[in-house]
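Report on one structure; see the data block that follows.
Where a number appears in this text, it was derived from the coordinates with a stated rule and is not lab data. This one's a predicted model, so the numbers in the text were calculated from it and none came from an experiment. So basically every Cβ, Gly included, is an ideal-geometry build from the backbone, and we count neighbours across all protein chains shown.
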Amino acid sequence: MDFQRKNKTAIDGAKRSIGMKWITLLARLLIGSLFVYASIYKIFDPSSFAASIRNYGLIPPIYSNLIALTLPWLELGSGVFLILGIQTRAASLLTSSMMLIFLGAIIYAYALGLDIDCGCFSSSAESSGRIAPFHIFRDGFLALVSIWTLIFDRGELSIAPGVK
Amino acid sequence: MNSLSSLVFRAGAIVLVFFLIGVGSNLIPARHIHWLYVPPTEITILNHKIPLVSSKEAIKWLDDPLVVFIDTRDDKDYLKGHVRGAVSLSPEDKEQKFPGIEPLMPQGSKLILYCYGPDCDMAEHIASFLIDFGYSDIMIMKDGYPGWEQNGFPTQK
């Protein structure tokens, strides 16, 4: 009877562990995919992204071009690394940090009532994404998902296993 | 090196690699933009060069009788507050309003247009409209009413 109880506990533990692995994998793929998607327009149109950065008024405008040139590539790289499962903890540390910064910027802009484009996934010329509470909730959720990946991903179910 | 330091180091290495890739991508001539942003000092509308000035530059013309400030924002925002002495002329009803304000801005007046800020093109729209009516001495206050208000310059409702 003790053996059966211990065996059931071990089986339940293994199922929870497999469930956690799949949830963490989904979280990793979600964040990775979104970062890759978000980086595309910014890489092809850094001028528009730089204008979106300036609209927030958080950094000196003179540096907006340099950030617009480099940040999207970091987003792309982090996203690809998460999808492929390469250096997942380091990549998720970066995505979590970026999401927290983006979230802070959006909250700041919304609190000030800035009538600006989010600049999250497309340029102001194409987007109707004026900052709204939806963006705050969305980015808050994505930040939590990214932090989940940072905490719980162990590089399992990766295309490149053993690379942590 | 403990695991946290190792994690931060690896993240830093990823940042450095993709920073360099981003920098390298700007070396492609077809994609090149200026490394550091330099705000434009003028734009061209209908072959007219329109200087872009800041509110700190525009303030010096506030009490000049030959200068007219034109608020190109929506009426409801004009009524909430505008540059002292500014007249309202927004794109949506410019044809109806213009005859009423034309006596206030004789030909040869210096016109300073403004709207919601650097990302707003309503002032350019009105500039184009006014150029068609023969006005040529036009400027756009690029930081718009928010910039004017932030500097604490005179306003009225």
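Side notes on the structure shown:
- Between the amide H of residue B:45 and those of B:50, distances stay under 5 Å, these residues lying 5 or more places away or on another chain, with hydrogens modeled in the peptide plane.
- Pairs with C-alpha atoms separated by more than 28 Å, drawn from the list B:94/B:142; A:42/B:60; B:56/B:76; B:80/B:142, are A:42/B:60.
- Nonlocal amide H pairs with residue B:143, under 5 Å, H built at 1.01 Å: B:55
- Chain B, helix-only ellipticity at 222 nm - DSSP H runs n ≥ 4, -39,500 (n - 2.57), divided by all residues, nearest 500: -11000 deg cm²/dmol
- Summary of packing: across the peptides B:122-130, B:36-44, the per-residue average of other C-beta atoms within 10 Å ranks them, highest first, as B:122-130, B:36-44.
- Of the peptides A:75-85, A:141-151, the ranking by mean beta-carbon count within 10 Å, highest at the top, reads A:75-85, A:141-151.
- For chain B, the share of DSSP beta bridges that are antiparallel, to the nearest 5, is 35%.
- Remark: mean inter-chain Cβ contacts per residue of A:56-65 equal 3, using a 10 Å Cβ-Cβ cutoff to other protein chain atoms.
- Residue among B:138, B:45, B:112 with the largest mean-square fluctuation in a Gaussian network model of chain B, springs linking Cα atoms under 10 Å: B:45
- Span-like helix ranges in chain B, DSSP H, alpha carbon extent 24 angstrom or more, Kyte mean at least 0.5: B:3-25
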